[in-house]
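Take a look at the structure below.
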Amino acid sequence: MTMTAEPRSNMHPASDFVQLDEQWSAHNYHPLPVVLSHGEGAWVTDVAGNRYLDFLAGYSALNFGHRHPALVAAATEQLNRITLTSRAFHHDQFGPFCQELAELTGTEMVLPMNSGAEAVESAIKLARKWAYRVKGVPDGAAEIVVAGENFHGRTTTIVSFSTDESARADFGPFTPGFRVVEHGNAEALRQAITPNTAAVLLEPIQGEAGVLVPTDEYLRTVREICDQAGVLLIADEIQSGLARTGELLALDHAGVRADVYTLGKALGGGILPVSAVVGSRAVLGVLRPGEHGSTFGGNPLACAVGRAVVRLLSTGEFQQRSARLGARLHERLGELVGNGASEVRGRGLWAGVDIAPGGLTGRAASERLAENGVLCKETHGSTLRLAPPLMISEADLDRGVDALGEVLAR
Ligand SMILES: *Cc1c(COP(=O)(O)O)cnc(C)c1O
């Protein structure tokens, strides 16, 4: 693509589309004022023909970039065969997808769902049933320990254990059965565990909270605590997994295995929602027909795209790219500390950049970055979250960091 792409829509200026959204959609988001109409690789184009580097990548849903040819080909081929059967019948993409995803992740069973929140809900149900049927927890007493500042999705049960007031306020009554402990504090976690604890549910790296990376030692200690207490470790790798951090799974950096993982976002290749719970037969094996389900979960189109995603990840190429370019990203972002940034965290092609006190708000910085041709989004007011597609070129990565440096230095 060239820098002078033809305007996609001369008829409607961007403001018309923003106005439509304002008038006709619920206001549960506050998007940047760009109206996108095209995407290819790490680049997107707006309705006026302006091009931007996508440094958010759909919060990691676009790990392989926009319209990766192998993923589009898999989707197109499946569109021409069969797209939906419901789970009332078998289909020829389901078993292969489950086998291939289990083999990729080193797990024994797969429960396909659609959105990330559904995968987390499914993992909660699995952990509770496992607690009653395998561990012997008295009926209705199972507890799950979670970390403060978590983000696991938006359902009523999941926001029940959020510590973000804006995610919870006015949405009660809340689902009981959760204990929140400080993220990164192993001793607090140990003390929260009781004989009725079914599971510990954690993001190995907290994305929404600002890309908070705990020590590997903490994650290893959590595993030991879970083993000693006979408690499941559930890793929510919906955002951190599938090569984002330079390993297939973020927990791999610490050499830790979870009993259950939730996967989503990139599992759908940026094409459609695909999520899954993957884990041990001892846990996923507790479900019987009729106890859980989803009309769209594991549909043929989703499985065909998911299989193509697994193929891309099976070579290790994206993991290596993320590790190599991530090292460059963090080296370059480190130079911004003291030059408009107060702290930078992250792993692989994933970073949280805290804007120095007295500088721009996160929103203003995101808007200025967009004006400079780079898209990302703030989280928690003054942190910018960077997650470029893993196929990004080194030159484009540098271009994005240069633009960020200019915006923060003002
Ligand atoms: C995005 C996300 C979810 C929720 O996924 P949805 O597809 O938006 O429901 C859950 N957990 C983590 C860690 C996430 O980043």
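Assuming 0.36 nm per residue, please report the length gained on full extension of the stretch R190 to T175 beyond their Cα-Cα distance.
3.1 nm
Of the candidates L53, L287, L375, which one comes out as most mobile in a Gaussian network treatment of the chain with C-alpha springs shorter than 10 Å?
L287
Would you mind telling me the antiparallel percentage of the DSSP bridges in the stretch 69-314, rounded to 5?
40 percent
In the stretch 392-410, whose amide N lies under 18 Å from the spot 7 Å out along Cα-to-Cβ of A356? List them in ranges.
It comes to 402-410, nothing else.
Counting only protein heavy atoms and a 1.4 Å probe, tell me what percentage of the chain's accessible area is made up of carbon and sulfur.
52 percent
For the pair D139 and E40, how long in nm is the line joining their label points, each one 7 Å along Cα→Cβ?
Those two pseudo-labels are separated by 6.1 nm.
With a 10 Å radius around each residue's Cβ, average the other Cβ atoms per peptide and rank 238-246, 131-139, 219-227, highest first.
By packing density, highest mean first, the sequence is 238-246, 219-227, 131-139.
State, to one decimal in nm, how far the label point of H292 lies from the label point of D16, with both points 7 Å from Cα in the Cβ direction.
The modelled label-to-label distance comes out at 4.7 nm.
I want the local charge near E367. Using Cβ-Cβ distances under 11 Å, sum +1 for each Lys or Arg and -1 for each Asp or Glu among the other residues.
+1
At a 10 angstrom cut-off on C-beta neighbours, averaged per residue, how do the peptides 203-213, 186-196 rank from highest to lowest?
Top of the packing list down: 203-213, 186-196.
How much accessible area per residue does the chain have, counting only protein heavy atoms and a probe of 1.4 Å, in square angstrom?
Spelled out: the 1.4 Å probe surface of the chain, per residue, equals 44 Å².
Based on DSSP, what percent of beta bridges with both residues in the chain are antiparallel, to the nearest 5?
Antiparallel: roughly 60 percent of the beta bridges in the chain.
Under 15 Å from a point 7 Å along the Cα-to-Cβ line of L84: which residues of the stretch 105-139 have their amide N that close?
114-115
Kindly sort F161, F17 by accessible area of their heavy atoms, largest first, with the probe set to 1.4 Å.
F17, F161
Sketch the reach of a paramagnetic label on E335 as a point 7 Å from Cα along Cα-to-Cβ, and name the residues of the stretch 391-410 whose backbone nitrogen lies under 18 Å away.
393-410
Which distance in nm do the two modelled labels at H30 and Q320 give, with both placed 7 Å along the Cα-to-Cβ direction?
4.4 nm
Can you count the Lys pairs in the chain with C-alpha separation below 27 Å, eight or more apart or on different chains?
Number of lysine pairs found: 4.
The values are calculated or read from the model by the stated rules, or taken from the named source; none is laboratory data. Just so we're clear, the structure is a prediction, and the values are computed from it rather than from any experiment. Methodologically, a virtual Cβ is constructed for each residue, glycine included, from the backbone with ideal geometry; neighbour enumeration extends over all protein chains shown. Side chains included, ligands, DNA and RNA excluded: accessible areas come from the protein's heavy atoms. Shrake-Rupley method; radii C 1.70, N 1.55, O 1.52, S 1.80 Å.
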